[in-house]
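**Student:** Below you'll find the structure I mean.
The values are calculated or read from the model by the stated rules, or taken from the named source; none is laboratory data. Bear in mind that the values here come from a model prediction, so they are computed numbers and not experimental data. Neighbour counts run over all protein chains shown; Cβ positions are idealised from the backbone, glycine included.
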Amino acid sequence: MGTTASKRGKEAGPHTSLAVQEGEDPWTAQELEEVRAELEADVARLSAEVDHAEHDLVELMRSYSDGAGDDQADAGAATWEREHELSITNNARDLLGQSRTALQRIDRGTYGDCDSCGQPIGKMRLQAFPRATLCMTCKQKQERR
């Protein structure tokens, strides 16, 4: 699809077999390690964030059940706070899943392949947003829907 063609490195090692767009140099071990380190740091941070948020949600649920006799404003504020925490927790879970998936794709040698069209996502895009699973063309199509 488009004018980008997949180019795979000829040297031995998993990093050189990752797809890159035409005109891009193959992934170096250092570049891939930097992306991996960023993703692993994200996994650690997001795991802690999800654990903390889940603990907070349990506490909010406990305090809500203890709030017998609260007026409507208090009940509304408590509901808003729970919904807000749920939203933050779900977002962190989604990012955590995306980071883990990216690490799995690195391990499988499929990191950099667009999930939609199979063409290379682009090394620069992945270095800026390591969780990307779509090339720019497919991402733009997705956002137009």
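**Student:** Among helices (runs of 4 or more DSSP H) lying entirely in segment 49-145, which contain 1 or more residues that are of a type in the set (Ser, Thr, Tyr), farther than 26 Å from THR28 by Cβ and modelled with pLDDT under 95?
**Tutor:** 72-108
**Student:** Out of all the residues in segment 85-95, which are under 12 Å from the mean Cα position of the chain (by Cα) and either surrounded by fewer than 18 Cβ atoms within 10 Å (Cβ to Cβ) or among the β-branched types (Val, Ile, Thr) (or both)?
**Tutor:** Across segment 85-95, the qualifying residues are ASN91, ARG93, ASP94, LEU95.
**Student:** Could I ask something else about it? Can you find, within segment 122-145, the residue that is farthest from GLY23 (Cα to Cα) among those that are in contact with a Gly (Cβ under 9 Å, 6 or more places away or on another chain) and touching a residue at least 40 places away in the same chain (Cβ under 8 Å)?
**Tutor:** Step by step, filter segment 122-145, then rank; the result is THR137.
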